[in-house]
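Notes follow the structure.
The values are calculated or read from the model by the stated rules, or taken from the named source; none is laboratory data. Note that this is a predicted model, so its numbers are computed, not measured. Positions of Cβ are backbone-derived with ideal geometry, glycine not excepted, and every protein chain shown enters the neighbour counts. Areas reflect the complete protein model, heavy atoms only, side chains present, ligands, DNA and RNA absent. Shrake-Rupley method; radii C 1.70, N 1.55, O 1.52, S 1.80 Å.
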Amino acid sequence: MQLLNLFRAALSDFWSQIRRQSASDWWVEITTIHPSCNYYFGPFESAAAAQAASPGYVEDLEGEAAQGIAVSIKRCQPEVFTICSESS
């Protein structure tokens, strides 16, 4: 029984470490006015890496005729990568 408790504790520590690591990752958040959406791209190990990748994402959205594009680089842990309002 003690071995099982040690295993559970180790597994819990492992998942806690994964959650902390994920929360510290950098993401590119792109918002568009039309369609009204938030897009998340990542994760990246640094803000510089996220910034360097962002022009490609913007280019793809411009190719899809998105308008009012704004880019921000942030530390977060998005659960959903594309969020659009229902009126989009």
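For the residues Cys37, Cys76, a 1.4 Å probe over the protein chains yields an accessible-area ranking, largest first, of Cys76, Cys37. A crude spin-label estimate for the pair Cys76 and Ser24, with each label 7 Å from Cα along the Cβ direction, gives 2.1 nm.
Would you mind counting up the charge near Ile33? Only other residues with Cβ under 14 Å from its Cβ, with Lys and Arg at +1 and Asp and Glu at -1.
Residues near Ile33 contribute -2 overall.
Once R0 is set to 22 Å, what does the formula 1/(1 + (r/R0)^6) return for the Cβ-Cβ distance between Thr31 and Ala52, expressed as a FRET efficiency to the nearest 0.05? So the FRET efficiency works out to roughly 0.65. Computed with a 1.4 Å probe over protein heavy atoms only, the accessible surface of the stretch 24-88 comes to 63 Å² per residue. Taking amide H positions as modeled 1.01 Å from N, with prolines and chain starts lacking one, the residues under 5 Å from Ile69 and 5 or more places away or on another chain are Ile33. In order along the stretch 73-81, phi translates into HN-Hα couplings of 10, 8, 8, 6, 9, x, 8, 10, 8 Hz, rounded to whole numbers, per the Karplus curve 6.51 cos²θ - 1.76 cosθ + 1.60 with θ = phi - 60° and x for Gly and Pro.
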